[in-house]
Amino acid sequence: MIIDTTEVQAINSFLRLESLKEVYGLIWLLVPIFTPVLAIIIGVLVIVWLERQISAGVQQRIGPEYAGPLGILQALADGTKLLFKEDLLPSRGDIRLFSIGPSIAVISILISYSVIPFGYRVVLDDLSIGVFLWIAISSIAPIGLLMSGYGSNNKYSFLGGLRAAAQSISYEIPLTPCVLSISLRVSNSSSTVDIVEAQSKYGFWGWNLWRQPIGFTVFLIASLAECERLPFDLPEAEEELVAGYQTEYSGIKFGLFYVASYLNLLVSSLFVTVLYLGGWNLSLPYIFFPELFGINEVGGVFGTTIGIFITLAKAYLFLFIPITTRWTLPRMRIDQLLNLGWKFLLPISLGNLLLTTSSQLLSL
């Protein structure tokens with residue numbers, strides 16, 4: 001039997017080509033999945049670096065400067081250290097709840113990024129109920145904290161989980177009327193893309209910050225409480241709860257709580273940008289960019305890049321408020337925290353919704 005070597009080479013090259021196509025197809029399948037995750041992780045590292053530098057400036061000290069230029073690799077070094085630390089488990093705790101709790105806290109916040117428009121047509125999923133999906137998904141995170149506190153078999157941890165659940169309920173309810181006021185008065189839609197486009201009609205003066213100043217103030221305070229930032233960090237108050245629900249955690253699980261905290265801070269800042277600060281529109285100065293370069297305002301790679309840059313710039317500039325607030329205001333007591341949410345913010349947000357609805361009916 002005579003074997004033609006040219007046929008064998010052709011078959012081998014064909015099989016090699018098919019295997020390469022399968023590898024390329026798998027890579028292109030994973031790129032849309034890992035690219036947003038990588039971008040979000042980099043955003044969290046930037047927030048950690050910014051907070052340390054701003055905090056050092058507020059306290060008149062140096063801050064991180066040895067790990068990389070200007071200390072930019074300090075957060076990465078801390079994450080690597082936590083990754084290789086020993087993962088300790090409580091001997092009499094519920095191991096399942098203890099292990100699942102941090103994952104629920106992180107995953108629930110990551111899902112919220114799917115409805116954030118970073119630019120024109122740069123959104124993972126433009127849902128008609130995008131803003132309310134964020135509110136619904138963010139309410140799952142305290143369940144993970146409660147599971148972590150209960151599974152730790154530690155009374156301080158359990159008390160911290162209960163505080164997290166009570167705080168979340170107290171401040172999510174005032175948050176919802178603020179979002180509903182924007183949906184009714186401004187854009188008649190709960191889509192994040194529609195809310196941004198509705199603000200772009202009148203330039204800088206079309207921002208919801210000027211149309212809903214009361215709602216913006218309530219939203220700011222409630223978002224700080226949702227992120228458990230000072231003066232609202234009661235679930236992990238060191239002086240009272242020995243770090244709260246994080247007491248029994250170590251290693252990467254301990255690091256996941258901090259990742260969830262900064263992820264929540266970034267997503268709250270992005271939603272403030274989308275709901276009240278015009279999103280990817282820079283208003284009057286941005287109008288001249290497309291004419292200068294001869295491209296369409298909402299088309300082309302340059303326009304998309306500028307939109308993403310504007311959104312991130314607004315979000316990171318807004319982050320100065322929660323970072324400086326951390327070193328300005330003292331921590332509240334738990335009774336003051338609940339009274340502020342139920343007795344002040346809730347009536348104010350409902351009154352703002354009533355005024356918005358009344359003005360909407362009178363304008364018809």
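The values are calculated or read from the model by the stated rules, or taken from the named source; none is laboratory data. Only a predicted model underlies this, so the values are computations on that prediction, with no experimental measurement involved. Neighbour counts run over all protein chains shown; Cβ positions are idealised from the backbone, glycine included. The protein model used for the area step is the full one, side chains on, heavy atoms only, and it has no ligands, DNA or RNA in it. Shrake-Rupley method; radii C 1.70, N 1.55, O 1.52, S 1.80 Å.
Couple of notes before you dig in:
- Charge tally for residue 117 (other residues, Cβ to Cβ under 13 Å; Lys, Arg +1; Asp, Glu -1): -2.
- Accessible-area composition of the range 311-364, carbon plus sulfur, in percent [1.4 Å probe]: 75
- Förster radius 25 Å - calculated FRET efficiency between residue 34 and residue 70, Cβ distance, rounded to 0.05: 0.35
- Cα-projected label distance for residue 320 with residue 87, points at 7 Å along beta-carbon direction, nm: 4.1
- Cut-off under 5 Å, modelled amide H: who pairs with residue 124 long-range: 116
- For the range 246-256, backbone phi angles converted through the Karplus equation (6.51, -1.76, 1.60; θ = phi - 60°) give residue-by-residue couplings of 8, 4, 8, 9, 8, x, 5, 5, 5, x, 5 Hz, Gly and Pro being listed as x.
- Phi angles across the range 267-279 convert, under the Karplus curve 6.51 cos²θ - 1.76 cosθ + 1.60 with θ = phi - 60°, into 3J(HN,Hα) values of 5, 5, 5, 5, 6, 4, 5, 6, 7, 10, 10, x, x Hz, Gly and Pro given as x.
- Within straight-line cross-link reach of residue 253, lysines at Cα separation under 20 Å, skipping those fewer than 8 residues along the same chain: 81, 85, 155
- Using θ = phi - 60° and Karplus 6.51 cos²θ - 1.76 cosθ + 1.60, couplings along the range 316-332 (whole Hz; Gly, Pro as x): 6, 5, 5, 5, 4, 5, x, 6, 6, 4, 4, 9, 10, 9, x, 6, 7
- The range 84-355 - percent relative contact order, Cα under 8 Å, separation 6 or more: 27
- Kirkwood Rh, Cα atoms: Rg over Rh of the range 159-202: 1.24
- Near residue 143: Cβ cut-off under 15 Å, other residues only, Lys/Arg at +1 and Asp/Glu at -1. The net charge is -2.
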